[in-house]
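Quick notes on the structure that follows.
Just so you know, all these numbers are worked out from the coordinates, no wet-lab data involved. Note that the coordinates shown come from a computational prediction; the quantities given were computed from them, not determined experimentally. A quick note on method: Cβ atoms are made from the backbone with ideal geometry, for glycine too, and the neighbour counts reach across all protein chains shown.
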Amino acid sequence: RRLEQQHRPLPERREHGGWRPRVGDRIRLLALGKAAEVLTISEEGSELTVRCGVLRLTVALAAIEGLHGEKPAPPEPPLQVRIRSRRSPGSRGPEVRTEGNTVDVRGLRVHEAEAAVEERLRGANGPVWVIHGIGTGKLKRGLRDWLSGLAWVERVSDAEQGDGGPGCSVIWVK
């Protein structure tokens with residue numbers, strides 16, 4: 001028995017670089033030691049929904065391996081897209097919301113809001129944030145219709161979710 005144990009071939013554990021499970025593949029769940037079938041893979045590729053017998057589980061990528069011992073490759077980091085400013089190099093001004101480039105027109109009528117926004121746009125040297133709230137949407141529609149007719153407004157868009165989302169508009173001046 002001792003000789004048998006000494007001369008027994010070791011199980012082959014190869015490094016399988018870049019193995020990625022796909023929908024329909026059979027994999028082994030490390031925690032259970034059982035085979036399972038991949039049903040779905042999350043968009044970022046870090047979680048899988050698998051079926052193991054009658055169980056349907058959501059597991060992390062690190063909690064599985066291939067049936068032949070392949071270790072899954074970690075998901076690629078998401079691409080970082082850098083957005084270049086459309087402003088000319090000579091123009092200055094922050095592209096973040098500050099008290100100086102924000103005007104709050106909540107509760108005003110459209111013509112009153114137009115006057116307040118126009119006054120702020122005259123001295124603007126960057127984007128201007130207009131807080132109009134959501135409400136019925138009449139104030140937002142009225143301001144956007146008025147802004148679309150101005151030749152010196154490049155574009156108008158909803159603010160980022162952290163800056164007010166659809167209750168706040170960002171006006172980019174040419």
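Which order do peptides 47-53, 167-173, 149-155, 31-37 fall in by mean Cβ count within 10 Å, highest first? Could the numbers behind the result be given before it?
Details: 47-53: 16.3, 167-173: 19.3, 149-155: 11.0, 31-37: 12.7.
Per-residue mean Cβ counts within 10 Å order the peptides as 167-173, 47-53, 31-37, 149-155.
Return the label of the correct value of volume of the Cα convex hull per residue in Å³, as calculated from the structure shown, out of [x] 191; [y] 120; [z] 220. Evaluating volume of the Cα convex hull per residue in Å³ on these atoms matches [z]. Computed from backbone phi, the HN-Hα couplings of the stretch 114-128 come to 4, 5, 5, 5, 4, 5, 6, 5, 4, x, 6, 10, x, x, 10 Hz, rounded to whole numbers (Karplus: 6.51 cos²θ - 1.76 cosθ + 1.60, θ = phi - 60°; Gly and Pro given as x). Stretching the chain fully between LEU57 and THR98 yields a gain of 10.1 nm (0.36 nm per residue, less the alpha carbon separation). You can think of it this way: the chain between TRP146 and ARG20 has 40.1 nm of extra reach, that is 0.36 nm per residue less the Cα-Cα gap.
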